1. Counting other Cβ atoms within 10 Å, which GluC sites (Glu not before Pro) in the stretch C:108-212 have at most 14 and lie in a DSSP loop?
2. Roughly how many debye, to the nearest 20, is the charge dipole of the stretch B:129-229 about its Cα centre, given +1 on each Lys and Arg Cβ, -1 on each Asp and Glu Cβ, and no other charges?
3. Quick one: Cα centre-to-centre distance for the stretch C:128-152 and the stretch B:19-71, in angstrom?
4. Charges only on Cβ, +1 for Lys and Arg, -1 for Asp and Glu: so what's the dipole of the protein assembly as shown about the Cα centre, in debye to the nearest 20?
5. Antiparallel DSSP bridges in the protein assembly as shown: what percent, to the nearest 5?
6. Ignoring everything except DSSP H segments at least 4 long, calculate the 222 nm mean residue ellipticity for chain A; use -39,500 (n - 2.57) per segment, divide by total residues, nearest 500.
7. What is the distance in Å between the Cα centroid of the stretch D:156-180 and that of the stretch D:86-146?
8. Past the 27 Å Cα-Cα mark, which pairs from A:Lys198/D:Lys283; A:Lys3/A:Lys59; A:Lys87/C:Lys73; A:Lys198/B:Lys204; A:Lys147/C:Lys266?
Amino acid sequence: MSKTVPVIIASLVGFLMIFAFFSPQLLWLRQTAEDWFAIITTIAMIYGGLTLCFHHLKKISDSEAGWGFSAVTLLAFGVTVIVGMLKIGVVPETARNLNHPWSGPFLQEGGAFWWIYQYLFSPVVSTMFALLAFYVASAAFRAFRAKNVEAILLLVTALIVLLGQTKDREITTLFLPAMTDGSTSYLPIADLTEFIRKTIVTSGQRAIMIGVALGVVATSLRILLGLDRSYLGGDE
Amino acid sequence: MSSSVTILDRLNVLDRRWIFLAMALAVAAPILLGIGSDESPSPPTKRLFDRLEELPEGSRILMAIDFDPNSAAELSPMALAFTRHCCLRRHKIYFVTTWGTGVPLLDATIKTVVQSEFGRGDRPYQYGIDYVNLGFVAGDAVAISQLTSDIRKARSQDMQGTSLDSLPVMNDVVSLQDMQLLITPSAGFPGAKEWVQYAGTPYKIPLAAGCTGVQSTQLFPYYPDQLVGLVTGIRGANEYESMLASKYPVPYAEMSKRPASLRGGPQRWAHRLMISLIVLGNAIHFANRYRRSSHS
Amino acid sequence: MNRETTIWTLLFIVGGLSLAYHVQSSERGVGQQFVIPVEIAGRVDAATGVIVPLGAGESTEGEGVIKGVRYDKAGRETSQAVYSLSRTIGVWVAAILTLCVFSYLYRDNPFYKLVESIIVGVSAGYWIVQYGWTVLVSKVLVKLSPDLARYAFLPETPVDAKPEYLYLIPVILGCLIFCRLIPKAAWLGRWPLAFIVGTTAGLKLILFLNADFVRQIRSTILPLVVLSTNASGGSDFDWKQSIQNLVIVVSVLSSLTYFYFSVEHKGWVGRISRVGIWVLMISFGASFALTVMGRITLLTMRLQFLFDDWLGLVRM
Amino acid sequence: MEITQRCREGRIPRCRNSGRRMGLLLAFLLITMIVCKGAVFAADAKPVNEGSGAGQEKAVAWFDFEKTSFALLTVAICGTVIICTELARRGKPFYVRPIAGLRAMEEAVGRATEMGKPMLFVPGIEDIKEIDTVAGLMILSNVARMAAEYDTPLEVPTSRTLVMTAAREAVQAAAIAAGRPDYYNEDRVYYVTEEQFGYVASVCGWMNREKPAACFFLGKFFAESLILAETGNAVGAIQIAGTAETTQLPFFVAACDYTLLGEELFAASAYLSGEPAQLGMLKGQDFGKLAAMVLVLAGCALATWDSISPRVKTSDGQNGSRRTQWITDTVLKGG
């Protein structure tokens, strides 16, 4: 019972979604599904917040190593939620709504939640993102080594494209004559980059996409036919 | 021989933090020292530049600043470069924006270029004679088609509230069809696409556009038939600045007047670093192979 | 004290001192932020109880006037701009956090761990707030009780909106998740999962077949011999385009062969699939290199924040 | 499509005495037929909307006939996959080629056990509404089973609550299946934060402190892929990654020991489960690829023919319909 009902639910709604695509009568189902999904996720997120609190409260109560950091996480979480849900420091956008103190946008410039977003959230997140610049360098240094044919192709293409990206592509004029009309824009390396991008990159991605589509079909069918129920806890 | 072996051994166990440090320097040093990089012009950029060069002095040019602070990083350098070029060629400039949020950027463009760089000297650019700020025209695409049929219907006054009829620069100008060129650095809707559809193509007014990198695929089909030129992203802006610099070295070769070229500096050095890292990595690889084969 | 600690202590002292000197000597100020107040004022209309905006030139003082003040970011030179302490502190906090994250590149350290703890808490909270307002209030509450939504949060909700009780279903399904907290009813928590996974499977099956399978095959159908019309009306062999098309078709077919699971990769299948893996490698090499530019831009922007917005060393 | 249909026709007799699964398949086809039938009925019964110039718009129909060819294609592909599954279930042997990354998984678990270090499993950063995540979770249940057999701790931080819920179910069931129900520890499968880089900050911090011996990144990934993989590499872990995101594959290929490319991610759980029915699906997928290749070849041949000798121009100066259109606009019309 505990497994059968969910599998039936999954198959039923799944097949319904497929039919809805072909039936204008049922098209609204597909649109509603997105909405419903957002609602379920949001409620699930509250559950997630609770488990996050439990997780860290347990660390604190067990006095695990680094429990202080758990306290910081809990504090940051609590303050953010309270400040954001109470819309602290937010004022209504228009005069007409002045007697609706909670009508302003929650992320209004100048509000306390905006401050947290602007000066805590956004700088840390974008700096984490910026770390990628360092990691591309170290990955290129370590991994792009001519160990076999595949690796040679990988690194030679990467070198050509890297060279083609900036004005350093003109280094090729040192050993290749410029075009007869003297234009510098038709240097072979820039052309080559463009050619690789248009043909091989596109077709490599295309083949992967076609394969992925078939993989998705098979995986979906596995779910709809109840062949794989590991996401529900597997077979009993 | 022994020293080369120790170098190889060291390189084999090279701490990746040295690579991190090198990358930090490759990006930070050009920013702090103001080292930029040129870019060789691509045909769509060069065509706009040549068009502005060919137009006779005093031609009428509409500059539509259709972007907001979100895309200013890419498009603002373009707007500055286009405006500088128009001023150098002594064209008459008509500033306008179809974006409500674009007004401050329009003002900034006028202030930085027209007023502070060309507002003095023996032949200063004068408001109302050499240029005018039409400000914000509301109505998106409708505004564009209104400007095309009658500018005064869309805006009867300029930004300061002066009637357009009292401005000498507006004499003989009825609609956009009296312009020799429309230039629009644009970020989205309404933007270059709408200018093509509502002004450029139906009335055969020459039109050039600047766009963000993301948008370029959308606009490239219009070049070269419906767009005189197309400048794409920060790289396109750099191309334009580089052409300005080689044509008018004083004062436009100076890096402080080339915001896009300035951003090319870190890019160029970081790419050079990446290339040398790959080459170095392979040198180590082959040296190791050589050592192994000579030992065995 | 070992050598590393000494070096780092020295670096911190030197850095701190030069920062202090810079704060003292800098004309632009370090991280100073200015704002401009925006006043929102209206007068309660005695007859209807609705607040109407003040007319031009009307005084903001006086009977029945309600005011709210918002602050927008402003340049230092802007007239009426006032110094904002909270935002200046914000820029300093942001700068210090940025440096803490960069410190991770050296090694894991307490500063990074502190930032990690803060960001986990803040971001989890941020998304709850974000979804709370945009989904729970703007989607659920508005549908279930438009009157309450209009009264409390969204005055723009139409007056004639009727409650739609269909939206109770996802709410109940969502709440079943909480059953996982009760061991005896934990199995009920699988229902929402089954609902979502089932919907996903149905939606994605069609989506991928349509968008990826059909469309990608269609765009690979290209003429292998391209003729272009020349000036005199005849046709020329366009070798450039022809080669391009041939390369695309061959690459797609060989890469597809690589993905064959049920045929041994031997003989001619093996050879073709080897070409396929080469195609994939070339495309990976090129994609890797093409992303470098974007990554460098991200780093440039972070450094610009430090050097320009915070320290005021350069103007970009 | 031709190929798949022929294959179906050839094999249907064998499946005549179908079991439960075939029942499902028949139900699937039956419902399709009912819907089609209903659509025809509805289209006939309902009046045509007046005045809509094209005259094509009907009152909301039960079946969109514009999508007929796509519906047939869908039925053909799904049908092939289901039939292959059924054949495999009845004991028809299928060959499947080895995938390096999958063989390495057991090795990685073994190594972690020897070293006495934990392992990390990241099922992507997207929610369960992405099929990639579901595929990642399916693999998780197999990896968790191995880990439970060896009693090696497996850490599963997730970026979404629903993924956490499903991952807990999967790990718990795997522990029971391996005969070690006490292996499952709820604290090891937890939710971190929705935020991409907040999540990465936390996972990388964990990797640096715990130094896992093996890292599995299987699911949907975006820019963070390289940060995770490089950190894992720096702590010396064996790394096995897999994603269907074409933009992230280059980074995994560069920084990980083994990478499951695109479709291999979806095939992986079938391989690992070892169930004949799931392996049969792979054969079905291959028929799909074969169909794709045949369509491309046929299309290119027609397109080349069109290019060399275009059909005569019609009277109004327009080119006559191109031969390629038969494939692009009929067979591959899409929805």
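1. Details: sites: C:Glu116, C:Glu156, C:Glu164; in loops: C:Glu156, C:Glu164.
Listed in order of number, the matching sites are C:Glu156, C:Glu164.
2. Details: 5 positive and 9 negative charges, 43 e Å.
The calculated dipole for the stretch B:129-229 is roughly 200 debye.
3. One Cα centre to the other: 46 Å.
4. On the way: 106 positive and 98 negative charges, 607 e Å.
The dipole of the protein assembly as shown has a size of about 2920 debye.
5. Details: 21 of 62 bridges.
If I count the DSSP bridges inside the protein assembly as shown, around 35 percent turn out antiparallel.
6. Numbers: 9 runs with 148 residues, N = 236.
It lands at -21000 deg cm²/dmol.
7. Measuring centre to centre over Cα atoms gives 14 Å.
8. Working: A:Lys198/D:Lys283 32 Å; A:Lys3/A:Lys59 33 Å; A:Lys87/C:Lys73 19 Å; A:Lys198/B:Lys204 32 Å; A:Lys147/C:Lys266 23 Å.
Correct reply: A:Lys198/D:Lys283; A:Lys3/A:Lys59; A:Lys198/B:Lys204.
Any read-out appearing in this document is the output of simple, stated calculations on the displayed coordinates, not a laboratory observation. Bear in mind that the values here come from a model prediction, so they are computed numbers and not experimental data. Cβ: placed from backbone, ideal geometry, glycine included. Neighbour counts: every protein chain shown.
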